[in-house]
Amino acid sequence: MSEDFLPIRGYDHVEFYVGNAKQAAYFYDKVFGFTPVAKSGLETGCRDRTSYVMQQGHVRFVLTSALGPDHEVARHCALHGDGVRLMALEVGDAESAMREAKARGATVVQPAEALEDEHGVLKTGVIKYAGDTDIKFVERKHYRGLFAPGFEPIECNPPEPIGLAAIDHIVTNVRLGEMNYWTRWFEQVLGFTQLTHFTEEDISTEYSALMSKVMENGTGKCKFPINEPAEGKKKSQIEEYLDFYRGPGVQHIAMSAADICKTVRALRRRDIDFLRVPDTYYEELADRVGPIDEDFDELKELGILVDRDEDGYLLQIFTQPVQDRPTLFYEVIERHGSRGFGLGNFKALFVSLEREQALRGNL
Ligand code: FE2
């Protein structure tokens, strides 16, 4: 195997541009169990935007909104609604990462730069990815602060944690015919390899279909599935996303949990809506997946899906979109050996997704 020219340590954070970061922070705190740990804004000398850093386990979200109308953040929100602007990856050497990516064809959005405060030096660089979503490299080995220079800690009572541990994968939707471009881009520019490939036959219902390829970095820590719509009788859920997001972007972020039943129970108590799973799904589940540690009745009660492959099994569940537009949603996943993405669930799930889509008048 060739040397990894762009070693990635893992996900560093995901930055969202939102209409109202203060209220979004409240939502991620009170509903999803994230602790607000740091903030930048007027109080810290930042005059044009406010950002909240939210942390749970190894998952770090940054929520940013503009303080004025003619601002990159405000324009992004007007066009896309609330959504993911940056996927940040931690690297050992940001300058090298930028140099390697650029030499292999990446478009540079922000050249490598060093930010300094009393906690040390943080280095970052940004390259262009699909649509208005970019990829940021973060080098923190010489930085001991909470998040980044310009941010100050937030004093608060940490919320009751709900057990979200780490980002498992981040999925992008791209336009028809663009999936192969972006999978090649991940290979050539970032040195990722293709993990799996789902075809139309794997993932289709009577009405809609999608194609998906999963790209993974050398250490297997970062996984980026990429979806494109496939022709169906009616509009696919990927097209619905592209219409409302006004282009490609992040469709869902999957977060791992050590005890998915506990996490989902907590989220349901806090009124998170999950995708409804047809009751018929559970009728033959035990035959399909064989013995598992969990209780099938509890999984059915909570609407958790199960899938098995040659390496083991996984449990997963999908939320409804978390903003007005049918765009970004979340997945909670608990893996028991399986490195897959729930292929066996796709069809069962699509029936459910389409029912929601029909309710929105978009099918
Ligand atoms: Fe997923």
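The values are calculated or read from the model by the stated rules, or taken from the named source; none is laboratory data. Model, not experiment: these values are computed from the prediction. Glycine also receives a Cβ, built like all others from the backbone with ideal geometry; neighbour counts cover every protein chain displayed.
List the helices (runs of 4 or more DSSP H) that sit entirely inside region 233-301 and contain at least 2 residues that are aliphatic (A, V, I, L, M).
In region 233-301, 237-245, 260-269, 285-289 are the helices (runs of 4 or more DSSP H) which contain 2 or more residues that are aliphatic (A, V, I, L, M).
I need every pair where a residue in region 290-314 that is at positive phi has its Cβ under 7 Å from the Cβ of a residue that is in a strand (DSSP E or B) and surrounded by fewer than 17 Cβ atoms within 10 Å (Cβ to Cβ), sequence separation at least 6 or different chains.
Correct list of pairs: 312/336; 312/337.
Take the residues of region 282-320 that are more than 18 Å from residue 340 (Cβ to Cβ) and hydrophobic (A, V, I, L, M, F, W, C): which is nearest to the ligand (Cβ to nearest atom)?
Top of the filtered list is 302.
If you take the residues of region 323-332 that are crowded, with 20+ Cβ neighbours inside 10 Å and in a loop (DSSP other than H, G, I, E, B), which of them is nearest to the ligand (Cβ to nearest atom)?
Top of the filtered list is 328.
Return the pairs, sorted by first residue and then second, in which the second residue is in a helix (DSSP H, G or I), the first residue lies in region 14-42 and is on the phi < 0 side of the Ramachandran plot, the beta carbons are less than 6 Å apart, and the residues are 6+ apart or on different chains.
Correct list of pairs: 17/73; 17/76; 17/77; 18/24; 19/77; 34/28; 36/25; 36/29.
Restricting to region 243-263, name every residue that is under 15 Å from residue 32 (Cα atoms), in contact with a helix residue (DSSP H, G or I) (Cβ under 9 Å, 6 or more places away or on another chain) and more than 15 Å from the ligand (Cβ to nearest atom).
261
Taking the options 168, 132, name whichever one is of a type outside the set (Phe, Trp, Tyr), in a strand (DSSP E or B) and modelled with pLDDT of 95 or more.
Residue meeting the stated conditions: 168.
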